[in-house]
Amino acid sequence: MENDSAYNGERYDLYADMFTDLIRGHNNWDPSIETVRANLMIDIRWPEVSRALADAVCSLCGCQRNPEAPPLAQDIGQLMCRTATIAFGTCCHAEIPSWFLQNNECLLAATLHKMLVEFVSSCEEDTVQFDRCMMRSAFYLLLDIAEGMRGYLGLPHLAESTGAHALMSAVTNSKYDFLSKDAMILHRSERIFAEVLAEQILADPNRAMELQSAFCFFARSRRMREFASVCLNCNGLGGMLAQLLAEVDLATRRLAEASKAKPRLPAPHPRSLKEVSSPNRPTRRTSARTPMKSPYAAVAKATRRTIRSRCN
């Protein structure tokens with residue numbers, strides 16, 4: 001969770017430089033630099049961290065990544081594994097404390113929120129104009145970061161899913177529902193994000209209604225479906241977003257019909273339960289018997305003679 005302390009410019013510069021080099025793919029193979037980055041990622045609850053990541057993603061959405069560097073999701077995953085190992089001695093999800101996983105979720109959700117605000121404010125102030133292509137690149141970049149962090153979020157099965165699933169889970173678990181109709185005025189940036197998210201969900205061939213499926217999470221998340229429906233009403237009935245909502249509605253209806261068609265065994269009548277008797281079990285016979293205590297009268301007791309004095 002983010003701290004409400006005073007703004008720290010030195011902290012912001014430190015994380016901004018780190019995220020910029022990480023996104024560009026600079027020095028990602030240097031073990032000493034990776035150790036420094038891992039130590040910085042242990043405690044990321046500060047608001048300057050998400051601000052630095054959002055600014056880095058927005059400013060570098062059109063940059064060319066180092067061709068010799070591996071994919072960004074792979075770099076992020078390796079960095080998170082190194083961070084957990086330094087902090088807790090293991091990268092096993094079950095042995096990592098919950099506060100660390102929660103801080104990672106807060107980082108993703110807060111970064112998305114700040115990116116949406118940045119896109120809107122830049123258009124209003126005419127400082128930096130982000131066109132449609134730049135916004136799409138920025139959202140895809142954030143989804144790559146979420147894919148690298150998916151194994152270090154609250155739900156353990158996210159490690160077997162996609163970055164879209166991880167980002168949706170982080171946004172859904174956020175205390176502040178910044179994608180709700182009451183919390184925002186729908187702008188072009190929100191509609192573009194909904195399109196990119198729908199593309200990523202449909203790109204995953206897993207359409208099963210199971211925990212490891214981003215499609216299933218979207219179908220069962222009221223917050224995400226309401227946000228997508230609002231964006232669809234503004235974008236029209238075409239595109240990947242409309243296809244996603246149509247497939248979700250179809251899958252939901254099929255699941256409901258299958259549950260109704262499933263035969264159910266009739267409940268037994270209470271009288272029939274009384275008539276059913278348990279099977280007879282063979283009586284175990286043995287020659288040994290429990291020793292009986294002798295009756296009170298048969299117990300031999302030492303007689304005590306009493307000597308009476310005779311009075312002459």
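The values are calculated or read from the model by the stated rules, or taken from the named source; none is laboratory data. Since the model is a prediction, treat every value here as computed from it, not as a measurement. Note that we place each Cβ from the backbone using ideal geometry, even for glycine, and neighbour counts take in every protein chain shown.
A few remarks follow.
- Residue satisfying all of: in the stretch 22-44; surrounded by fewer than 16 Cβ atoms within 10 Å (Cβ to Cβ) and not β-branched (Val, Ile, Thr); nearest to residue 7 (Cα to Cα) among these: 43
- Failed criterion for residue 66 (all others in (1) modelled with pLDDT under 95; (2) of a type outside the set (A, V, I, L, M, F, W, C); (3) in contact with a Gly (Cβ under 7 Å, 6 or more places away or on another chain); (4) closer than 26 Å to residue 168 by Cβ hold): (4)
- With a requirement of 2 or more residues that are among the hydroxyl-bearing types (Ser, Thr, Tyr) and over 19 Å from residue 114 (Cβ atoms), the helices (runs of 4 or more DSSP H) lying completely within the stretch 24-94 that satisfy it span 31-40, 72-88.
- Of the residues making up the stretch 51-74, not a single one is among the acidic types (Asp, Glu), in contact (Cβ under 8 Å) with a residue 12 or more places away in the chain and within 21 Å of residue 152 (Cβ to Cβ).
- Across the stretch 138-191, the number of residues qualifying as over 21 Å from residue 122 (Cβ atoms) and among the basic types (Lys, Arg) comes to 3.
- Yes/no for residue 118 being over 15 Å from residue 170 (Cβ atoms), modelled with pLDDT of 95 or more and not basic (Lys, Arg): no
- Those helices (runs of 4 or more DSSP H) of the stretch 139-232 in which 2 or more residues are surrounded by fewer than 17 Cβ atoms within 10 Å (Cβ to Cβ) occupy 188-203.
- Test for residue 122: is it among the hydroxyl-bearing types (Ser, Thr, Tyr) and touching a residue at least 40 places away in the same chain (Cβ under 8 Å): no
- Of residues in the stretch 255-268 being over 26 Å from the mean Cα position of the chain (by Cα) and part of a helix (DSSP H, G or I), the one modelled with the lowest pLDDT: 261
- Listed by first and then second residue, the pairs with beta-carbon distance under 8 Å, at least 6 apart or on different chains, first residue in the stretch 94-106 and more than 19 Å from residue 47 (Cα to Cα), second part of a helix (DSSP H, G or I) and of a type outside the set (Phe, Trp, Tyr), are 94/156; 96/84.
- For residue 242: the one exception among (1) over 25 Å from residue 160 (Cβ atoms); (2) modelled with pLDDT of 75 or more; (3) loosely packed, with under 11 Cβ neighbours inside 10 Å: (3)
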